[in-house]
1. Determine ³J(HN,Hα), in whole Hz, for all residues of segment 119-132 in sequence, where each value follows from phi through the Karplus function 6.51 cos²θ - 1.76 cosθ + 1.60 and θ = phi - 60°; x replaces Gly and Pro.
2. Compute log10 of I(q)/I(0) for segment 133-308 with the Debye formula, placing one identical point scatterer on every Cα and leaving out solvent, at q = 0.08, 0.09 Å⁻¹, to two decimals.
3. From the gyration tensor of the Cα coordinates in segment 38-128, what semi-axes in whole Å does the equivalent ellipsoid have, largest first, with each one equal to sqrt(5λ)?
4. Once you list every other residue whose beta carbon is under 11 Å from the beta carbon of Leu242, what net charge do they have if Lys and Arg are +1 and Asp and Glu are -1?
5. How large is ³J(HN,Hα), in whole Hz, for each residue of segment 84-90 in order, when computed from phi with the Karplus curve 6.51 cos²θ - 1.76 cosθ + 1.60 and θ = phi - 60°, using x for Gly and Pro?
6. Using a 7 Å offset from the Cα along the Cα-to-Cβ direction at both Ala248 and Ala264, what is the distance between the two label points in nm, to one decimal?
7. Take Glu166 and Ala153, extend 7 Å from each Cα along the Cα→Cβ direction, and tell me the distance between the two endpoints in nm.
8. In whole Å, how far is the Cα centre of segment 41-110 from that of segment 121-166?
Amino acid sequence: MATESQSAAPPIPPTNTNTDNPNNANDSNAKPEFPLPKILTFPSSSAPELITQGAEGRLYKTTYLTPSRPCALKYRPPKTWRHPALDARLTRHRILAEARLLARCRRDGVRVPAVYALDEAAGWLALEWIAGAPVRAALNAWLARRRARDAGAGRDVEEPLDGEGESDGPLLAIMRRVGEAVGALHRVGVVHGDLTTSNMMLRPFGGGETAVANGHHGTAADGHDDDARLLDGEIVIIDFGLASQGSADEDRAVDLYVLERAFASTHPRAEGLFPVLLDGYRGSFKQAPVVLRKLEDVRMRGRKRSMLG
């Protein structure tokens, strides 16, 4: 793969003062720690912000066409340890595959980011920026408040939640919405490959094109207490880097198993409510009964592997 040439113009100096971000610095003359993709080195009204750095690529927040339209730019830099021809072929395949799957989901009404633009040769994909918080962060914030209330009332703060508390309604509702979102994804023949609550965004109702198209024009939290507001919003599934097209019930069951294990690890106190999520899945996907039977088989294999070490 031909690596991107350095632009004559220097990288745009970051303006964000968040020093925890490798691409941000207080010094206006500071340069990013990582070389920017060429698309982000041209003059712009806003500096790109590095959001995450992973093994396969980086995610930047920038703008698209106008300063008022935020954009997520996924960039897969060249892998110097890989043969250039192979690297170019793999990068092209992965960028195009992700874009096609996202376009398919959007076409069939699944809430995912819109694809704005791409350059498979340069290794980047520009996507709709999803406002809101990751479901993981929202759930953990709600659970922290629940823990504080339990501690104040003298209750066991480690006791698993059963969903029967008078304030547990919002928690049960978001579990169902997550299940419905996964069911919608599987219904259109897409397997995510990395389902976690970190790869789902909680977008305020009415906060995006999809929400408007589905008739959400207000905030569902009106009149709710602050705790309920934390979990209000529609589920948008993100990060399709490991996704694939597939309709095998086994693959769908593995998708659910990955989510189940991630959920147990990330939100252990609410682990017992995972069946509520599966109820949402069952209600949004006709083939769910078959997939859930496969899930039992996948769980059994997982337990055997754990026992064998």
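Just so you know, all these numbers are worked out from the coordinates, no wet-lab data involved. Everything numeric here is computed off the predicted structure, so don't read it as measured data. Note that we place each Cβ from the backbone using ideal geometry, even for glycine, and neighbour counts take in every protein chain shown.
1. Karplus values, whole Hz, x for Gly and Pro: 9, 5, 6, 7, x, 10, 9, 9, 10, 4, 7, 8, 6, x.
2. For segment 133-308, the Cα-only Debye profile gives -0.26, -0.33.
3. 22, 19, 11
4. For residues surrounding Leu242, the net value is -4.
5. Values, residue by residue: x, 5, 5, 4, 5, 5, 5 Hz.
6. Here the modelled spin labels are 2.3 nm apart.
7. For Glu166 paired with Ala153, the spin-label model returns 0.8 nm.
8. 27
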